[in-house]
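Everything on this sheet refers to the single structure shown next.
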Amino acid sequence: MGLGPSLSIRQSQQLVLTPQLTQAIKLLQLSNLELDAFIAEELSKNPLLESRSEDGGDEQPAGDLASDEEAGDGEAPDDPGADNLIMGQAEDDRPLDMDWQSEALETDSFADVVTSGGGEEAFDFDRVEYSAGSLAEYLQDQLHGQSGPVGDLARIIAETLDETGYLTVPLEQIAELTGAALGQVEQGLKLVQGLEPPGVGARSLAECLALQAQAADRYDPAMARLIDNLDLLSKGRTADLKRICGVDDEDLTDMIRELRAYDPKPGCQFSGGVGEEVTPDVFVRRTRAGFAVELNQATLPRVLVNRRYYHELKSGPQDKTSRAWLSECLQTASWLVKALDQRARTIVKVVSEIVKRQQGFFERGVSALKPMTLREVAEAIGMHESTVSRVTSNKYLLCDRGLFELKYFFGSGVASAEGDGAAAEAVKAAIKGLIESETEILSDDAIAGLLKNKGFDCARRTVVKYREAMGIGSSIQRRRLRKIGG
């Protein structure tokens, strides 16, 4: 059989991600605030896109393909009175843009010039409060005016502290790097340890607590011995602590209560940033017919296609390149408006199915939360699982029970007496409630038995897993803490 060139026809199907489809996927997983930033960028690039504000009378929600043809092209009638007033030709012929303070200072002193009008209060400079951005900056401000080698070493030590306020670098290393004597470094450390907040500059937890006790004038010999034996306190050996400190039960309880009031990481109050405010993307409201799902229109961008401007540009003189660019802008703008509308419909569809499946949660709370997967919701609404995953990412739902991320309603669970199963969050809430209300310390086996009485069929290892996930100690640890707390 000879080899040679030949022609053949073959038909096949292939999924191609067009730029429009890629952008639609991106829009689907953005929150309303992120979408607002995306729309602002598109508005700056496409002259045919227009944004309508919340209070605009001719607005339409994002996703409605509409032409920008407002009724009535007439302009507002001119107001000659306003022009006369600006030019200084009204009853009071003084212009509005005059610098009254400059005019008054020609004849009066600055103290005689009244800058506040009517009954308004003068500006209160005490309201402007300085806030340090970091622990090192806060300590440097307090070291202002400290000169000499000790002051310089104190500034170096303040910059060396970690975010919790502890000094993790040995003093010998600081002395070697700076070329200073060890005694001077110790004096600089003592200067730092006397600053606010109390406890900064400590090299151990015991030293941190001792510094705070000294600042509170509570560092007596008994407190010193208690701080030196924190390992016994962690083990709950109160009898040994009473013997070492020479105090009775009541005094030891008071001393432990004081230690709990101290901050073991005094520098952390400067390391935490300001939490970002979470804005809900969807509202779930209770109505007579059930629960209604609404998008948050306040944060939902509103976009229109300005077809009037398109016709103006099209009717003007333009070359082939300009016509192609204008056509591309119109196509991109029209597709974006349609994509926004499809995004809104998809979100409402997914959230409606979530509310339908988790109706018990919205009526009775977390105890009625059921296990649910992305696949179940996707099959119910006829979409792909990845689409539901994108819809539920970075989006929040606000209802009568609070603000929840959409991912909160998905998860595994355990079997229940009702047959539908119980979500992991419901089991965690039940375990937390049992531990918070316990009069006698409950073991994990006892908690598992009580959960079965409540209808949750879970084993002891499941109780241990959920308890540790919530950061709750074992029965031995809780018994020890109760003993220490008196």
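The values are calculated or read from the model by the stated rules, or taken from the named source; none is laboratory data. Here the structure is a predicted model, which means the values were calculated and not measured. In this analysis, Cβ positions are derived from the backbone assuming ideal geometry, glycine residues included, and neighbour counts consider all displayed protein chains. Ligands, DNA and RNA are stripped out before the accessible areas are found, and what is left, the full protein with its side chains, is counted by its heavy atoms. Shrake-Rupley method; radii C 1.70, N 1.55, O 1.52, S 1.80 Å.
Please label the shape of the stretch 142-207 as rounded, prolate or oblate, based on the square roots a ≥ b ≥ c of the eigenvalues of the alpha-carbon gyration tensor (a/c under 1.5 means rounded; beyond that, a/b larger than b/c means prolate, else oblate). The shape class here is oblate.
Relative to the present Cα-Cα distance, how much length would full extension add between Leu230 and Asp254 at 0.36 nm per residue of separation?
Details: separation 24, 0.36 × 24 = 8.64 nm, distance 1.54 nm.
Going from the current span to full extension adds 7.1 nm.
Between Lys45 and Leu3, the contour length at 0.36 nm per residue exceeds the alpha carbon distance by 9.6 nm.
What's the FRET efficiency of Ala215 with Thr22 using the Cβ-Cβ distance as r and R₀ = 51 Å, to the nearest 0.05?
On the way: r = 59 Å, r/R0 = 1.16.
Here the calculated transfer efficiency is 0.30.
Computed from label points 7 Å out along Cα-Cβ, the spacing between Glu436 and Glu207 is 4.0 nm.
Classify the stretch 178-236: rounded, prolate or oblate, from the alpha-carbon gyration tensor (a ≥ b ≥ c, eigenvalue square roots; a/c under 1.5 rounded; otherwise prolate if a/b is larger than b/c)? Prolate, since a/c reaches 1.5 and a/b exceeds b/c.
Rolling a 1.4 Å probe over the heavy atoms of the protein chains gives the stretch 214-368 an accessible area of 58 Å² per residue. The alpha-carbon of Lys265 sits under 20 angstrom from the alpha-carbons of these lysines, leaving out residues fewer than 8 places away in its chain: Lys190. The lysines whose alpha-carbon is closer than 24 Å to the alpha-carbon of Lys320, local same-chain residues fewer than 8 away aside, are Lys45.
Compare the peptides 458-465, 400-407 by average per-residue count of other Cβ atoms within 10 angstrom and give them in order, highest first. Intermediate results must be reported in sequence, preceding the final value.
Working: 458-465: 16.4, 400-407: 13.5.
Descending packing order for the listed peptides: 458-465, 400-407.
Measuring against 27 Å, Cα to Cα, the residue pairs Lys395/Lys428; Lys242/Lys465; Lys349/Lys407; Lys395/Lys454; Lys235/Lys452 contain Lys242/Lys465; Lys395/Lys454; Lys235/Lys452 as the ones spanning a longer distance.
Can you compute the FRET efficiency between Leu182 and Gln269 using 1/(1 + (r/R0)^6), with r the Cβ-Cβ distance and R0 = 35 Å? Round to the nearest 0.05. Provide the component values of the computation, followed by the final result.
Values: r = 31 Å, r/R0 = 0.88.
My answer for the efficiency is 0.70.
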